[in-house]
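Note sheet for the following structure.
The values are calculated or read from the model by the stated rules, or taken from the named source; none is laboratory data. Since this is a predicted model, take the numbers as computed values, not measurements. Backbone-built Cβ (ideal geometry, glycine too); neighbour counts: all protein chains shown. Heads up: the accessible areas ignore ligands, DNA and RNA and are worked out on the full protein's heavy atoms, side chains in. Shrake-Rupley method; radii C 1.70, N 1.55, O 1.52, S 1.80 Å.
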Amino acid sequence: MKSHWITGGGGTELHIVETGNPRGRPVLFIHGISQCWLTWDRQLSSDLVEDHRLVAMDMRGHGLSDKPREGYADSRLWADDVNAAIQALALDDPILCGWSYGPLVILDYIRHYGEDGIGGVHFVGAVTKLGTDEAMSVLSAGFLDLVPGFFSMESEKSASSLESLVRMCSARELAPADLYLMLGYNLSVPPYVRQALLSRSFDNDDLLPRLRKPVLITHGAEDAVVKPAAVDQHKASMTYAQIHLMPNAGHAAFWDDAASFNRRLRDFSESL
């Protein structure tokens, strides 16, 4: 596993890890809110490394990347972050694979840089808009109830809400070692970052029917964060998109059933 430090939008220093076959199809993994590159451990340590170049970034404000106070509402900065990763690591037609909040960032990139530099898009438990009643309608009541705690400066309240989020992301009981690792990197994200990300009000759905590169939509059938109705909305805008509904998997479908997730990702990659 290699670590890279690159300069993203507005001079923000971003941390990226890389593993796998340098000559394989690149996959750039983009995690969700309050997570980090470790989210993708069951992909980065899988047999995908044999024929793929696997890259996972810590988004601005997360993991080992810089955590500036400002800049989270600017779609151009998010786009610049993704472009910086593609350019700095010379990723040739990568698949952009985003989880939860990650697809918002992928669409920020496409809005400003287009699709010419990528091979395909993989949305996982995806949201593509925020800040309106329509956007909130696909988020579960359980998740929305936790949001005030995400912003709290009180450590006990913040930790409680984030632990509930970690548990909510999986359809299975997490092993203690996994639970506390995940809680640790969630807690490493400052409350002001979570608040800034969830305070954005924007809609990237106008881009969906204009996408021309292949799209795979993966969703856990037992997702307790993003309702399956989101899949129907996205499919209506991208009629050609492939759908992978994963039984017995939750919001973190790539964790709950990594073997099935990885097989479908490989099939998608080979189809490009």
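Summary of values
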item: Within straight-line cross-link reach of K227, aspartates and glutamates at Cα separation under 16 Å, skipping those fewer than 8 residues along the same chain; result: D133, E134, D145
item: Spatially proximal aspartates and glutamates relative to K235 (Cα-Cα < 13 Å; intrachain offsets below 8 disregarded); result: D205
item: Hz values of 3J(HN,Hα) by residue in the range 215-220 - Karplus curve (6.51, -1.76, 1.60), Gly and Pro given as x; result: 10, 10, 10, 10, 8, x
item: Alpha-carbon gyration tensor eigenvalues x 5, square-rooted, for the chain, Å; result: 24, 21, 20
item: The range 47-104 shape via C-alpha gyration tensor axes, a/c threshold 1.5; result: prolate
item: Pairwise FRET efficiency - E134 versus M1, Cβ, R0 = 35 Å, nearest 0.05; result: 0.30
item: In the range 191-257, chymotrypsin sites (Phe, Trp or Tyr not before Pro) in a DSSP loop with at most 13 other beta-carbon atoms within 10 Å; result: Y240
item: Part-to-part distance (alpha-carbon centres) for the range 132-190 and the range 95-118, which is given in Å; result: 24
item: Under 5 Å, built H, 5+ apart or other chain: amide partners of A126; result: S100
item: Whole-number accessible area per residue in Å² for the chain, which is evaluated in the context of all protein chains at 1.4 Å; result: 40
item: Residue of L216, L181, L130 that the Gaussian network model of the chain assigns the largest fluctuation, springs spanning Cα pairs under 10 Å; result: L181
item: Electrostatic dipole magnitude of the chain [Cβ: Lys, Arg +1; Asp, Glu -1; Cα centre; debye, to 20]; result: 200
item: Percentage relative contact order, the range 150-265, counting C-alpha pairs under 8 Å, at least six apart; result: 30
item: Counting DSSP beta bridges with both ends in the chain, the antiparallel % (nearest 5); result: 35
item: Loop trypsin sites (Lys or Arg not before Pro), the range 181-251, which have at most 11 other Cβ atoms in a 10 Å radius of their Cβ (DSSP); result: R212
item: Most fluctuating residue given options A126, A88, A175, as computed from a GNM of the chain linking Cα atoms under 10 Å; result: A175
item: For I243, distant residues with modelled amide H under 5 Å away; result: I217
item: Sequence-distant residues sharing a close amide H with L139 (under 5 Å, placed H); result: K227
item: Gaussian network model of the chain, Cα within-10 Å springs - most flexible of D203, D92, D145; result: D145
item: Three-way shape label, the range 151-249, alpha-carbon gyration tensor, a/c 1.5; result: oblate
item: Proximal aspartates and glutamates to K2, defined as alpha-carbon separation beneath 13 angstrom and excluding residues fewer than eight positions away on the same chain; result: E18
item: Shape category assigned to the range 1-148 from the gyration tensor of Cα positions, a/c cut at 1.5; result: prolate
item: Relative contact order (percent, whole number), the chain, Cα cutoff 8 Å, 6+ residue spacing; result: 19
